[in-house]
1. Once neighbouring chains are kept in place and the probe is 1.4 Å, which whole percent of the accessible area of the chain is contributed by carbon and sulfur?
2. Binning every alpha carbon pair distance of the chain at 10 Å from zero, what are the percents per bin?
3. Taking amide hydrogens as modeled 1.01 Å from N in the peptide plane, which residues meet the under 5 Å criterion relative to residue 162, leaving out close sequence neighbours?
4. 7 Å from Cα along Cα→Cβ at both residue 9 and residue 96: what's the point-to-point distance in nm?
5. Return the long-range amide H neighbours of residue 39 (sequence gap of 5 or more, or a different chain), with a cut-off of under 5 Å between placed amide H atoms.
6. For segment 175-345, what ratio Rg/Rh do Cα atoms give with a Kirkwood hydrodynamic radius?
7. To the nearest µm²/s, what D does Stokes-Einstein give for segment 19-105 at 37 °C and 0.692 mPa s, using the Kirkwood radius over alpha carbon pairs as Rh?
8. Evaluate Rg over Rh across segment 76-185, taking Cα atoms for both radii and Kirkwood's formula for Rh.
Amino acid sequence: MQKINIPLKDSYDCFVGEDLLKISGEIIKDLSKAEKIMIVSDDVVFSLYGETLKDSLKKSGFITDSFVFKNGEKQKNLDTVRNLLSKMIDFNMTRTDIVVALGGGVVGDLAGFTASIFKRGIKYVQIPTTLLAAVDSSVGGKTGVDFSGLKNQVGAFCQPLAVICDTKTFDTLPYKQYICGAAEVIKYGVISDSKLFYSLKETPIKENYENIVSTCIKIKRDYVLKDEFDLGDRMFLNFGHTIGHAVESLAGFSLTHGESIAVGMAIISSKAAEKGFCEEYVKTDIISLLEKYDLPVSTDIKKEKIAEAVSQDKKTKGDTLSLIVPVKIGECKIENIKKREIKDWI
Ligand SMILES: NC(=O)c1ccc[n+]([C@@H]2O[C@H](COP(=O)([O-])OP(=O)(O)OC[C@H]3O[C@@H](n4cnc5c(N)ncnc54)[C@H](O)[C@@H]3O)[C@@H](O)[C@H]2O)c1
Ligand SMILES: [Zn+2]
């Protein structure tokens, strides 16, 4: 097991290793005086891992209840938050009790946000069960739900009490979910760690979960420490995402998030090489690694459509866009461009 500390004001540890679910009760007992724990999960994850978690929490003396909703992004909304809040009230939870999120990013974002507003904020623990949630959403304290057809419009920055990542749970991930997480792992390699990047070629992620997840968490931690509230440096984590988000929505969500950002990373890297920001091998290495993980590196969607969607992205402010551009493997730079110039980057 590896333990990574995130030394923010509310400092917390991320525990990464095999079979941690079985000892999650003990880990939480060391950190909290809670009597009651509300387990939040989706139907798929709960049916696989709910009992193991419940048993472990009960063995450590906690009284548990569970709130299980249908899996999928569609449920990441205020109605589900409201239902969860009602269940927490019925369970007579106090301010010292806690919520445990067992699942992927949807569960983590929703449970974390609900915890952050229940009785003005109670603690929550993340137990990520997707590779994406382990390396990305469970660390950094961004919580929230979708609203009015837009992603993550309502939320809060709220750091968890702990992150417990049982890498054994990834064994049941559908292949698409695995490669979706792989895209984020590759992203970390490109923006800050060439050793990680090239190791992914030699050893498949699934054969080295503990080390790879721990490395990614450390990289994310360093960006979060520089920029807890996502006002500057965290921007590097958006490598491939500006174009990726546009591709994701234009593809009518037929591509997963990971597949879309893979296309985004491939497009930006090709243009970076063409424009002389990096050498040709940087593009070739990025594209061949994405392909190794069966991720797409191009799209049929017309360049003009992507450009239009990028400039209409509500996340971008004013007339400028900040693109994250690879300089070499393990290093990127921020390139500020005018929105109308985005066509030249696709
Ligand atoms: N908070 C952040 O910083 C942050 C960062 C990135 C993404 N996100 C959010 O994360 C969400 C995407 O996360 P995700 O990809 O984990 O999606 P998800 O939570 O929807 O999980 C994907 C699917 O995998 C299933 N699943 C989960 N774990 C499983 C397991 N171990 N075995 C079998 N099936 C399993 C789920 O039931 C679901 O159907 C999005 O809502 C996104 O906005 C948040
Ligand atoms: Zn992403």
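1. On the way: 7420 of 15370 Å².
Carbon plus sulfur share of accessible area: 48 percent.
2. Spelled out per bin, shortest first, that is 6, 26, 34, 23, 9, 2, 0.
3. 126
4. According to this spin-label approximation, the distance is 2.3 nm.
5. The answer is 65, 66, 67, 100.
6. Numbers: Rg = 15.1 Å, Rh = 16.0 Å.
With Rh from the inverse mean 1/r over Cα pairs, Rg/Rh is 0.94.
7. Details: Rh = 13.3 Å.
So the translational diffusion coefficient is about 247 µm²/s.
8. Details: Rg = 13.9 Å, Rh = 14.2 Å.
Radius of gyration over Kirkwood radius for segment 76-185 works out to 0.98.
The values are calculated or read from the model by the stated rules, or taken from the named source; none is laboratory data. Please read all numbers here as calculations on a predicted model, not as lab measurements. As a convention, Cβ positions derive from the backbone with ideal geometry for all residues, glycine included, and neighbour counts pool all protein chains shown. Areas reflect the complete protein model, heavy atoms only, side chains present, ligands, DNA and RNA absent. Shrake-Rupley method; radii C 1.70, N 1.55, O 1.52, S 1.80 Å.
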